[in-house]
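Engineer: Handing you this structure, nothing more for now.
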Amino acid sequence: MRKIKNARGEVVELKTGSALQEEMRSIASSNKRLKVLADDLSNGHSSALFKRYLENEGVTLKDAIRAFGYDDIGVEQVRALYSNDNTKPLFNTIVEDGIRIGYAKQGRASQLIAKTVGIDQQTYQWYYIEDPDKDELDFATVGQAAPIPTAIIKLDGSHTIQVFKRGAGVEIADEAKAMNIDLLALHVQLRGQRLARTDEYRAVDRLLNGYFSDGADAAPTLGVKTANQLKLTDAWYAAQYMQQEYGFTPKLAIMNLKTAEAWAAQKEDSGQFIFLNQLTSGNVPDFINATPFVSAQVPDNRIILVDTDFALINYQFKPLSVESQRNPKTQVEGSYATVTDDYVPFQKNARLILTLDQAR
């Protein structure tokens with residue numbers, strides 16, 4: 001055990017080895033979502049459980065690193081932490097932090113979701129609100145003893161949400177364990193950037209195509225005035241249509257680079273670029289009041305208008321964490337970042353897909 005003074009001024013003995021594993025197993029068992037994973041997470045020296053343990057003790061990660069005798073962890077060799085079971089939870093937590101830094105640099109999925117909802121099992125029911133767009137569901141004058149108009153939240157028994165475990169690992173060859181932690185941090189940050197891209201791709205795909213294969217959560221569509229001709233008035237009309245018909249305000253306009261270029265190249269009748277000032281300053285012009293979001297996941301002739309307050313939910317069973325495991329194929333032990341979640345539309349009419357190759 002390692003003694004350290006926490007933020008409350010108390011002397012804490014940090015547990016290591018089997019004692020730490022037992023403590024982390026206890027933490028996971030007390031969490032409804034992680035209870036079924038308690039043994040795997042503790043045996044794998046989970047970074048999420050180690051962080052939770054430090055929080056419970058009132059100790060920061062920097063304090064824990066110092067307690068293990070490392071004044072400048074960045075110059076230490078990977079081998080020093082990775083080959084010692086007592087410090088492996090510390091190593092995995094450093095790897096997780098690196099992945100999160102890389103994810104934050106590249107991650108745009110967070111711009112697309114309304115909320116992350118924690119669930120306590122990998123299969124979850126789909127709840128919806130009945131007829132949320134009816135006029136009579138708005139505030140209305142109610143006479144004495146008269147019924148109040150209500151919106152009913154229901155369970156759709158024919159649709160089920162299934163979240164899956166996703167992951168990416170870092171396996172370090174024996175000769176590479178001589179690298180220092182600072183160099184390793186750059187490698188895992190790069191992995192974090194790649195994870196961020198795949199998350200963004202899935203989120204955009206859900207906004208475009210929905211989650212359910214039968215189209216139950218498909219977004220409404222709207223054409224333009226003249227097929228294959230995107231005009232400034234089409235953007236204005238689409239924003240107004242989304243507000244008038246569905247009561248949602250577009251905050252993002254997702255399109256691919258080709259479509260974004262066509263939008264930026266809008267010209268007046270005189271031939272002058274409408275968005276010349278924005279282009280010369282390096283900015284992509286707004287799609288009326290919606291911020292452009294360029295994504296290769298969107299096909300040509302499509303633009304997704306999104307009210308990000310209500311369009312998409314991230315259902316999360318297990319948060320991002322890093323565990324140590326032995327790869328059954330390579331027989332090499334590595335650190336693997338995993339998350340168990342998925343993206344599902346919340347209100348299908350909070351998206352509107354413009355079909356630029358079709359006239360309205």
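None of the figures in this text is laboratory data; all of them are computed from the coordinates on show. Keep in mind the model is a prediction, meaning the values are calculated, not measured. So basically every Cβ, Gly included, is an ideal-geometry build from the backbone, and we count neighbours across all protein chains shown.
Engineer: Classify region 157-273 as rounded, prolate or oblate from the Cα gyration tensor: take a ≥ b ≥ c as the square roots of its eigenvalues, call it rounded if a/c is under 1.5, otherwise prolate when a/b beats b/c and oblate if not.
Structural biologist: In terms of gyration-tensor shape, oblate.
Engineer: Starting from the amide H of Arg108, placed 1.01 Å from N in the peptide plane, find each other amide H under 5 Å away whose residue is 5 or more places distant or on another chain.
Structural biologist: Residues meeting the amide H criterion: Glu200.
Engineer: Can you tally the lysine pairs in region 1-69 where the Cα-Cα distance is under 18 Å and the two residues are eight or more apart, or on different chains?
Structural biologist: Here the count comes out as 11.
Engineer: Another question, if that's okay. Would you please give the residues with an amide H less than 5 Å from that of Ile303, counting only those at least 5 places away or on a separate chain, with H modeled from the backbone geometry?
Structural biologist: Under 5 Å from the amide H of Ile303 lie the amide H atoms of Leu354, Leu356, each far enough along the sequence or on another chain.
Engineer: Please arrange Glu96, Glu76, Glu333 by how many other C-beta atoms lie within 10 Å of their C-beta, fewest to most.
Structural biologist: Fewest-to-most Cβ neighbours within 10 Å comes out as Glu333, Glu76, Glu96.
Engineer: Here's another thing I want to ask about it. Over region 251-319, calculate the relative contact order: mean separation of alpha carbon pairs under 8 Å at least 6 apart, over the residue count, as a percent.
Structural biologist: That works out to 50 percent.
Engineer: Something else: If packing is taken as the average count of other Cβ atoms within 10 Å, what order do 298-304, 325-331 fall into, highest mean first? Can you show the working numbers first?
Structural biologist: Working: 298-304: 19.1, 325-331: 9.7.
With the highest mean Cβ count within 10 Å placed first, the list reads 298-304, 325-331.
Engineer: A further question on this structure: Given a Förster distance of 51 Å, report the FRET efficiency between Glu10 and Asp300 from their Cβ-Cβ distance, rounded to the nearest 0.05.
Structural biologist: 0.25
Engineer: Please give the Cα centre distance for region 293-341 versus region 39-90, rounded to the nearest Å.
Structural biologist: If you average the Cα positions of each part, the centres end up 25 Å apart.
Engineer: Tell me the relative contact order for the chain as a rounded percent, counting alpha carbon contacts under 8 Å between residues six or more apart.
Structural biologist: Normalised by residue count, the contact order of the chain is 22 percent.
Engineer: Quick check on the chain: helices-only [θ] at 222 nm, where DSSP H runs of length 4 and up contribute -39,500 (n - 2.57) each and the sum goes over total residues. Nearest 500, please.
Structural biologist: On the way: 10 runs with 118 residues, N = 360.
It lands at -10000 deg cm²/dmol.
Engineer: What is the angle, in °, between the Cα long axis of helix 17-29 and the longest principal axis of the Cα atoms in the chain? Nearest 10 is fine, range 0 to 90.
Structural biologist: Roughly 30 degrees between the two axes.
Engineer: How large is ³J(HN,Hα) for each residue in region 217-226, as worked out from phi by the Karplus curve 6.51 cos²θ - 1.76 cosθ + 1.60 (θ = phi - 60°), to whole Hz, x for Gly and Pro?
Structural biologist: Taking θ as phi minus 60°, the curve returns 10, 5, 7, x, 10, 8, x, 9, 4, 10 Hz for region 217-226.
Engineer: Let me ask something else about it. Taking θ as phi - 60°, what are the ³J(HN,Hα) couplings along region 157-164 by the Karplus curve (6.51, -1.76, 1.60), each to the nearest whole Hz, with x for Gly and Pro?
Structural biologist: x, 8, 10, 10, 9, 10, 9, 10
Engineer: Run the reach check for Lys225 against aspartates and glutamates, Cα to Cα strictly under 19 Å, same-chain hits fewer than 8 apart removed. What comes back?
Structural biologist: Correct list for Lys225: Asp234, Glu245, Glu268, Asp269, Asp300, Asp357.
Engineer: Another question, then. Would you please give the residues with an amide H less than 5 Å from that of Leu14, counting only those at least 5 places away or on a separate chain, with H modeled from the backbone geometry?
Structural biologist: Long-range HN contacts for Leu14: Arg2, Lys3, Ile4.
Engineer: Could you compute the FRET efficiency for Thr60 and Ala146, with r as their C-beta to C-beta distance and R0 at 56 Å, rounded to 0.05?
Structural biologist: 0.45
Engineer: Write down Rg/Rh for the chain, rounded to two decimals, with Rg from the C-alpha atoms and Rh from the Kirkwood relation over Cα pairs.
Structural biologist: 1.07
Engineer: For Lys115, list the aspartates and glutamates whose Cα falls under 18 Å from its own Cα; do not include residues on the same chain fewer than 8 positions away.
Structural biologist: Asp199, Glu200, Asp205, Asp217, Asp307, Asp309, Asp341, Asp342
Engineer: Multiply the residue gap between Asp205 and Ile153 by 0.36 nm, knock off their C-alpha separation, and tell me the result in nm, one decimal place.
Structural biologist: Once the chain is fully extended between Asp205 and Ile153, it gains 16.1 nm.
Engineer: Give a residue-ordered list of calculated ³J(HN,Hα) values for region 33-46 (Karplus: 6.51 cos²θ - 1.76 cosθ + 1.60, θ = phi - 60°; whole Hz; x for Gly, Pro).
Structural biologist: My calculation for region 33-46 gives 6, 9, 4, 5, 9, 4, 5, 4, 5, 6, 5, x, 6, 4 Hz in order.
Engineer: Right, next: For Gln77 and Ala218, calculate 0.36 nm times their separation in residues minus their Cα-Cα distance, and state this gained length in nm to one decimal.
Structural biologist: That works out to 45.6 nm of additional length.
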